[in-house]
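K.L.:
Could you have a look at this structure, given as structure tokens, before my questions?
The values are calculated or read from the model by the stated rules, or taken from the named source; none is laboratory data. Here the structure is a predicted model, which is why all the values come from computation and not from measurement. In this analysis, Cβ positions are derived from the backbone assuming ideal geometry, glycine residues included, and neighbour counts consider all displayed protein chains. The protein model used for the area step is the full one, side chains on, heavy atoms only, and it has no ligands, DNA or RNA in it. Shrake-Rupley method; radii C 1.70, N 1.55, O 1.52, S 1.80 Å.
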Amino acid sequence: MRIGVVTFPGTLDDRDAARAVKYAGAEAVSLWHGDADLKGVDAVILPGGFSYGDYLRCGAISRFAPVMTEIIAQANKGMPLLGICNGFQVLCEAHLLPGALTRNHELHFLCRDQTLKIENTTSAWTSNFTKGQEIVIPLKNGEGSFQCDDETLKLLEDNNRIVARYVGENPNGSRNLIAGITNERGNVVGLMPHPEHAIDSLTGPSTDGLPFFTSVLTALVGK
Amino acid sequence: MGKIVVDVMLKPEILDPQGKAVAAALPRLGFSFATDVRQGKRFEITVDGDVTPAQIAEVEKAAEVLLANPVIETFTVRAE
């Protein structure tokens, strides 16, 4: 299995995402934002960081990068696609996922270990979790407050499209404590916290992030 | 040279933490007039010659796809 990890100018977490892919047992393939070639990968990860310096809005410029045209086309055909943090912002700007990520309600940049509850275990990136499982992975962002209109929120809730929720106090003002969502088909997932930083107890708070990366291999084998 | 101005504002129902922070700072400086502050963005776009209705229409299209995010923001376009 080959999983592409995209690097935009300003991406920070591409190396950790590639490392997580390797830990899961797949081959990580570097993809460059300016290159429309996906090199035949089976799935793609948009990692965290500050692509294009977060200019205009987080993810607003990255969405139009040459590599994104092909990623959007393949995701619409069912290719698994995971956006972490800035990657989640890119997916919302690209309209692959509904809603938007706005400034944290207390304005502070957050960096901490965060407890999440996994709510959806049918998406391509969460099938190796158990429903209701609580995990601890790092959360680090300044613009992580998930916002959408009431109609969209109801659609997400009613169709089991909320992948993970924050446990405890709302860290950033996200509606309904939303930490991650999926599209209708379940192949595209956006997640604000960082599972790629929690795959080895030497370098992270837990190994709770690893199932995101093994889940997609299960999904690809099952196809 | 003509100038086209695009003003982008968060929709009223979207929380604006930056505006709130500004609103909280004003009374600390002795300014007591504000009951609320909302913070937005202004784009000034320069074009050759006088602004034409066709250029305004083009800028409106650009605002819809790039300058604003219609999920959370509204925008106005005008010649100045």
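K.L.:
Just how large is the dipole of chain A about the Cα centre, in debye to the nearest 20, putting +1 at every Lys and Arg Cβ and -1 at every Asp and Glu Cβ?
P.N.:
Numbers: 19 positive and 25 negative charges, 59 e Å.
With Lys and Arg at +1 and Asp and Glu at -1, about 280 debye.
K.L.:
Tell me which lysines have Cα within less than 21 Å of B:K3's Cα, excluding those fewer than 8 residues away on the same chain?
P.N.:
Filter leaves B:K41, B:K61.
K.L.:
Could you rank the peptides A:2-13, B:17-28, A:180-191 by their average count of other C-beta atoms within 10 Å per residue, with the highest value first? Can you show the working numbers first?
P.N.:
Values: A:2-13: 21.6, B:17-28: 13.8, A:180-191: 23.4.
Going from most to least packed, we get A:180-191, A:2-13, B:17-28.
K.L.:
Nearest 10 degrees, 0 to 90: what angle lies between the long axis of helix B:53-62 and the longest principal axis of chain B (Cα atoms)?
P.N.:
50
K.L.:
Something else now. Using the Karplus curve 6.51 cos²θ - 1.76 cosθ + 1.60 with θ = phi - 60°, what ³J(HN,Hα) values do you get for each residue of segment A:89-96, in whole Hz, with x for Gly and Pro?
P.N.:
4, 5, 5, 5, 5, 7, 6, 7
K.L.:
How large is the Rg to Rh ratio of the protein assembly as shown when both quantities use alpha carbon positions and Rh follows Kirkwood? Walk me through the numbers on the way to the answer.
P.N.:
Details: Rg = 20.3 Å, Rh = 20.2 Å.
A ratio of 1.00.
K.L.:
Another one. Taking every DSSP beta bridge that has both residues in the protein assembly as shown, what percent is antiparallel when rounded to the nearest 5? If you can, show how the numbers build up before the last one.
P.N.:
Values: 35 of 51 bridges.
About 70 percent, rounded to the nearest 5.
K.L.:
Roughly speaking, to the nearest percent, how much of segment B:2-79's 1.4 Å accessible area is carbon and sulfur? Mind dumping the intermediate values first?
P.N.:
Details: 2800 of 4730 Å².
Carbon and sulfur: 59 percent of the exposed surface of segment B:2-79.
K.L.:
If you take each beta carbon of peptide A:160-171 and count the beta carbons of other chains within 10 angstrom, what is the mean?
P.N.:
Details: counts 0, 0, 0, 0, 0, 0, 0, 0, 0, 0, 0, 0.
The mean count of partner-chain Cβ atoms within 10 Å per residue comes to 0.
K.L.:
Among the residues of segment B:46-80, which ones have their accessible area go down by 20 Å² or more when all the protein chains sit together, as opposed to their chain alone (1.4 Å probe)?
P.N.:
Output list: B:V65, B:L66, B:N69, B:V71, B:I72.
K.L.:
Okay, moving on. List the chymotrypsin sites (Phe, Trp or Tyr not before Pro) in segment A:64-154 that DSSP assigns to loop (not H, G, I, E or B) and whose Cβ has at most 14 other Cβ atoms within 10 Å. Which are they?
P.N.:
Working: sites: A:F64, A:F88, A:F109, A:W125, A:F129, A:F146; in loops: A:F109, A:W125, A:F129.
Filter output for segment A:64-154: A:F109.
K.L.:
Show A:S127, A:S174 ordered by accessible area, largest first, where the area counts protein heavy atoms only and the probe is 1.4 Å. Please list the in-between numbers first.
P.N.:
Details: A:S127 45, A:S174 5 Å².
From most exposed to least exposed: A:S127, A:S174.
K.L.:
Check each residue of segment B:5-36 and keep those whose accessible area, probe 1.4 Å, is at least 30 Å² smaller with all protein chains in place than in the chain alone; give them in order of residue number.
P.N.:
Buried by 30 Å² or more upon assembly, which counts only protein chains, are B:I14, B:L15, B:P17, B:Q18.
K.L.:
Taking only C-alpha pairs under 8 Å that are 6+ residues apart, what is the relative contact order of segment A:2-221 in percent? Each step should come with its number before you reach the end.
P.N.:
Values: 546 pairs, mean separation 46.2, N = 220.
Computed over segment A:2-221, the figure is 21 percent.
K.L.:
Per residue, how many Å² of accessible area does the protein assembly as shown show with a 1.4 Å probe?
P.N.:
Accessible area per residue, the protein assembly as shown: 45 Å².
K.L.:
Binning every alpha carbon pair distance of chain B at 10 Å from zero, what are the percents per bin?
P.N.:
Using 10 Å bins, I get a P(r) of 18, 37, 26, 17, 3 for chain B.
K.L.:
Considering only protein heavy atoms and a probe of 1.4 Å, how much of the accessible area of segment A:1-118 is carbon and sulfur, as a whole percent?
P.N.:
Values: 2380 of 4660 Å².
For segment A:1-118, the apolar C and S fraction of the accessible surface comes to 51 percent.
K.L.:
Using a 1.4 Å probe and counting only protein heavy atoms, how much accessible surface gets buried when B and A come together, both sides summed, in Å² to the nearest 100?
P.N.:
Its buried surface, counting both partners, is about 1300 Å².
K.L.:
Also: Could you order A:M68, B:M9, A:M1, B:M1 so the one with the most accessible surface comes first? Probe is 1.4 Å. Mind showing how you got there, number by number?
P.N.:
Details: A:M68 0, B:M9 70, A:M1 95, B:M1 185 Å².
Ranked list, largest accessible area first: B:M1, A:M1, B:M9, A:M68.
K.L.:
Please state the shape class of segment A:10-150: rounded when a/c is under 1.5, otherwise prolate if a/b exceeds b/c and oblate if not, all from the C-alpha gyration tensor.
P.N.:
Cα axes put segment A:10-150 in the rounded bin.
K.L.:
Do any residues of segment A:25-68 lose at least 50 Å² of accessible area when the full set of protein chains is present rather than just their chain alone, and if so which, with a 1.4 Å probe?
P.N.:
The answer is A:L56, A:R57 - residues whose exposure falls by at least 50 Å² when every protein chain is included.
K.L.:
So what is the 222 nm mean residue ellipticity for the protein assembly as shown from helices alone, if each DSSP H run of at least 4 adds -39500 (n - 2.57) and you divide by all residues, rounding to the nearest 500 deg cm²/dmol?
P.N.:
Numbers: 7 runs with 73 residues, N = 303.
Per the formula, -7000 deg cm²/dmol.
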